[in-house]
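Have a look at the structure below before the remarks.
What follows is calculated from the coordinates using simple rules that are stated; it is not laboratory data. Note that the coordinates shown come from a computational prediction; the quantities given were computed from them, not determined experimentally. So basically every Cβ, Gly included, is an ideal-geometry build from the backbone, and we count neighbours across all protein chains shown.
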Amino acid sequence: MAQQDGPTPLERFINGILPENPVYRQLLGMCPTLAVTNGMKAAMTMSAAVAFVLICANIVTSLIRGLLKPHLRILVFTLTIATFVTIADRFLAAYMYQMSKQLGPYVPLIIVNCIIICRCEVCASKQPVFTAASDAVGQSLGFALALASIATVREILGSGTWFGLRVLPEMWPDWVIMVLPPGAFLTLGLLLGTANWIGSLRAKGSQTSQEG
Amino acid sequence: MEYLSSLILIAVGAAIINNFVLHYFVGVCPFIGVSRRVDMAFGMGCAVTFVITIAAFLSWVFTAFVLQPGAPLTAWVWQTFSPASDVTVDLSILNYIVYIFVIASSVQFVEMYLRKFFPPLYKSFGVYLPLITTNCAILFACLMIMKYVSGVTGPEAWDLGKALTLAIFGGVGFTIAIVMMAGIREELDHCDVPVPMRGAGITLIVAGILAMAFMGFTGVDRALANLMK
C-alpha cells in the first residue's frame, strides 16, 4: 500500500544520487560538507560514517515506526542517531586514530546532520524496511558524490594532490586559501551555481524536445 | 587578573577569531536559511545565544559531575553499591546521547517558559525555537566544553565561568555573522545576480568573502595575550 503513494524503492535509490541530491538539491548537511572537504581521505571517511549512521538509523526508525508517538518522534530520531554516531565515533577512534583526530568534533556533529533527521522524518517513519534502506543508500551515495566533488576541487587546487597522490606538477603554487575556510564557501557556491546551470540547461533541453 | 585575561581571550576567540560560522562551519543551515532580513536574523541570533548558554551550563554540569572519568556523582553512586571495588567509572560513552537529550529538552523548556511568561518574545522567536534543536552550533559548543573538561585534570580543566564565556560569545559570534550576512543579502536583492547563482549560490560566495575578511583576525589573540601580560 505504501508503495503506491510514492516512488518505488529503486526510484528512491536513484533519486537520492542526483535528482534529489542532499547537498546540491536540498541544501542539507552543510556543516560536514564544508568542514571536512579539504582532502579526499577525510571527505570519504566522513561520507562512510554518514552512510553507516544514515542506513542504520533509517532501518531502525522504519522497524519501530508503528510505535512512534507524533510529539516524541524527533526526540526518538535524535536518540537513535546519537547511538549510532557513538558507535561510529568509537570505531573511528579505535581503528583510524589519525583520521578521528583530524575529523575532530565533526563526527559527533553527524547527530545534528539535517540529512539524517530529514530522511527519518520524510521516508523511514512511513515506509517499510526495504524502501527505507534503499532510500538511505541512495541518499548516502548522493552525499558521498557531493563531498567527493567539493573535495576534489579543493584538494587539487589547494595542495596539488588527490587522495594524497601528486597530480599537479611540483611548480604548482598551492592555493592555500582553498584548504582554509573561505575556500570551502567559495567552492561550494560555485559548484552549486554550476549544478543549477546544468539543471536549467537540461530542463530547457527536455522542454524543447517535448515541443518538437 | 590572570583568570580575567583568560576569559577575555576565550571570548574574543569564540566570537571573532574562530567564529562559529565562518571558521568552524557550524550553524551554516540557519546562516543560509534565515538570513534574508536583518530583524529575523537578529532574532535567530538571540535565540541561539540564549539556548546555547543554557545548554552549555547543563552540559558542563553533566560532564563535570556525571559523565567524565571518575566524576564525583558517578563515583559516589558506584561506591554506595559496591564499596569494595576501586574501579574508575567512565560514562563518557554516553556523552553524545546525554548532550543531544539536554539540548532537545532545554529547547523544549525554553519554549514553554517563554510562552508562559514572555508571550511577545515568544511570538518574535516564532518557528526558530524548535528549529534550534538541530542547530549544529549548540552541540558544537557542548563538545568544545567536553573537550576541555572531560579527562582534563589540574588548572587546565575549564570551570563553569570559562564554559559559559565560550558559549555566550560563541552565540554572539553567530549573531554577528548572521546579521552581517542578512545586511549584505538585503542589498543583494537590488543586484543583477546570474540566474543559476541566485539564492544559496551567491550567499555561499558572499560567506566565503566574509570568511576571508575574518581570517584577518588571525593572531589577534596572541597580540592580546602579550598586551595583557
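Taking all C-alpha pairs of region B:45-110, those more than 15 Å from each other amount to 57 percent. Among the helices of chain A, those built from whole DSSP H runs whose Cα atoms reach 30 Å or more along their own axis and whose mean Kyte-Doolittle hydropathy is at least 1.6 are A:40-63. Going from the fewest other Cβ atoms within 10 Å to the most, the residues A:126, B:229 appear in the order B:229, A:126. Treating r as the C-beta distance of residue A:73 and residue B:1 and R0 as 51 Å, the FRET efficiency rounds to 0.50. Close amide H pairs (under 5 Å, H built 1.01 Å from N) link residue B:37 with no residue at least 5 positions away or on another chain. Seen against the Cα atoms of chain B and their longest principal axis, helix B:38-62 is set at about 10 degrees.
The largest-to-smallest principal axis extents of the Cα set in region B:94-229 are 57, 48, 28 Å.
Going by neighbour counts of Cβ atoms within 10 Å, the residues A:118, B:29 line up, fewest first, as A:118, B:29. Remark: chain B is approximated by an ellipsoid whose semi-axes, taken from the C-alpha gyration tensor as √(5λ), come to 36, 23, 15 Å, largest first. Diffusion coefficient of region A:9-211 by Stokes-Einstein, Kirkwood radius over Cα pairs, 20 °C, 1.002 mPa s: 119 µm²/s. Under conditions of 25 °C and 0.890 mPa s, region B:1-90 yields 148 µm² s⁻¹ as its translational diffusion coefficient, taking Rh as the Kirkwood radius over Cα pairs in the Stokes-Einstein equation.
What do you get for the angle between helix B:200-215 and the principal long axis of chain B? Use alpha-carbon atoms, 0 to 90 degrees, nearest ten. It works out to around 60 degrees.
For the protein assembly as shown, pairs of C-alpha atoms spaced more than 29 angstrom apart make up 51 percent of the total. Taking the centroid of alpha carbons for each part, region B:139-193 and region A:151-183 are 29 Å apart.
Relative to the longest principal axis of the Cα atoms of chain B, helix B:160-188 runs at roughly 10 degrees. Its Cα centre serving as origin, the protein assembly as shown has a Cβ charge dipole (Lys and Arg +1, Asp and Glu -1) of approximately 480 debye. Evaluated over the Cα positions of region A:131-212, the convex hull gives a direction-averaged projected area, one quarter of its surface, of 8.5 nm². Given R0 = 30 Å, the distance between the Cβ atoms of residue A:93 and residue B:66 translates into a calculated FRET efficiency of 0.90.
If R0 is taken as 51 Å, the Cβ-Cβ distance between residue B:92 and residue A:200 corresponds to a FRET efficiency of 0.55.
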